[in-house]
1. Among the residues of segment 1-22, which ones are within 17 Å of Ala52 (Cβ to Cβ), of a type outside the set (A, V, I, L, M) and not in a loop (DSSP other than H, G, I, E, B)?
2. Among Glu15, Glu41, which is the only one that is acidic (Asp, Glu) and within 19 Å of Val94 (Cα to Cα)?
3. Which residues, taken from segment 10-38, are surrounded by fewer than 16 Cβ atoms within 10 Å (Cβ to Cβ) and more than 49 Å from the chain's Cα centre (by Cα)?
4. Taking segment 39-53, which residues are loosely packed, with under 15 Cβ neighbours inside 10 Å and without any contact (Cβ under 8 Å) to a residue 40 or more places away in the chain?
5. Considering each of Val67, Val38, Val23 in turn, give the residue that is β-branched (Val, Ile, Thr) and touching a Pro at 6+ places or on another chain (Cβ under 9 Å).
6. Have a look at Lys7, Lys69 and point out the one that is of a type in the set (D, E, K, R) and surrounded by fewer than 16 Cβ atoms within 10 Å (Cβ to Cβ).
7. With (1) modelled with pLDDT of 90 or more; (2) closer than 13 Å to Val23 by Cβ; (3) acidic (Asp, Glu) as the list, and Asp91 as the residue in question, which single condition is left unmet?
8. What's the number of the condition Gln17 fails, among (1) free of Cβ contacts under 8 Å to residues at least 12 places away in the same chain; (2) closer than 16 Å to Asp101 by Cβ?
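The values are calculated or read from the model by the stated rules, or taken from the named source; none is laboratory data. Source: prediction; values computed, not measured. Using ideal geometry, Cβ is built from the backbone for each residue, glycine included, and neighbour counts are taken over all protein chains shown.
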Amino acid sequence: MPRPKTKDWRALENEHQPSGLHVIVNGLVELEPDQRPVLTERASRAGQLGLALTTEPSDEPDFDGKVWKAASFHKEVKENQYNSVRVMSGDMVVADFPVLDDSEHARLLARQTAVQNAAMDVKKKASTAKKVVKKAVEAVKEVVGKVAQAVTGPAKKRSKPAKKAKKAKKAKKKAPKAVGGWAKGRAGKTAKKASRAKTKKAAKKANKRAKKTKAKKRGR
């Protein structure tokens with residue numbers, strides 16, 4: 001039989017109501033879903049609580065895979081009757097761990113809490129250091145950009161968009177031509193018409209005068 005997988009073993013000596021003390025043992029065992037762990041007392045040396053780990057069928061539904069199940073044991077004891085616990089599976093030692101009373105357990109929890117807090121402080125300091133470095137890099141980039149701009153001069157203005165160029169072309173097409181273009185052509189045509197009209201008028205007057213002169217000569 002292979003050695004079972006177990007974890008998180010602990011044994012606490014607590015006051016028992018209405019009086020006396022109890023040793024309470026707890027741990028986790030990896031088993032099939034339709035099995036459950038059982039802890040029973042076995043012979044051991046003085047000052048050590050010996051426990052045998054076995055399994056028995058469970059009413060829980062079965063499925064493929066394994067799960068962690070809680071194993072527990074308790075016994076009424078005298079003060080400091082046991083200093084440690086050994087859990088066996090057949091002839092194999094599964095776990096050895098101390099028995100802690102309330103004060104010892106409280107000190108253990110305090111040490112664990114202190115270790116966790118120290119780890120959190122280290123993470124916070126590392127995060128703060130990263131932020132400081134990031135800000136420093138951004139500041140350096142900003143200074144370098146300003147220096148480069150001062151050396152090369154301000155950036156050239158971008159050319160106007162193509163839409164503005166198209167509008168300018170349309171406006172240019174709509175604008176009247178300068179003198180010498182169509183305006184100059186119209187002015188020339190108008191001047192020619194006026195000159196022709198004057199010439200015709202002068203010719204008419206000359207004909208009238210000639211007719212009057214002939215009529216006078218005939219009357220004589």
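1. Thr6, Trp9 - these are the residues of segment 1-22 that are within 17 Å of Ala52 (Cβ to Cβ), of a type outside the set (A, V, I, L, M) and not in a loop (DSSP other than H, G, I, E, B).
2. Working: Glu15 fails: within 19 Å of Val94 (Cα to Cα).
Of the residues listed, the single one that is acidic (Asp, Glu) and within 19 Å of Val94 (Cα to Cα) is Glu41.
3. Selection gives Glu15, His16, Gln17, Pro18, Ser19, Gly20, His22.
4. Initial filter on segment 39-53 (loosely packed, with under 15 Cβ neighbours inside 10 Å): 40-43, 45-48.
Residues satisfying the conditions are Thr40, Glu41, Ala43, Arg45, Ala46, Gly47, Gln48.
5. Numbers: Val38 fails: touching a Pro at 6+ places or on another chain (Cβ under 9 Å); Val23 fails: touching a Pro at 6+ places or on another chain (Cβ under 9 Å).
Answer to the check: Val67.
6. Numbers: Lys69 fails: surrounded by fewer than 16 Cβ atoms within 10 Å (Cβ to Cβ).
Testing whether each residue is of a type in the set (D, E, K, R) and surrounded by fewer than 16 Cβ atoms within 10 Å (Cβ to Cβ) leaves just Lys7.
7. Failed condition: (2).
8. (2)
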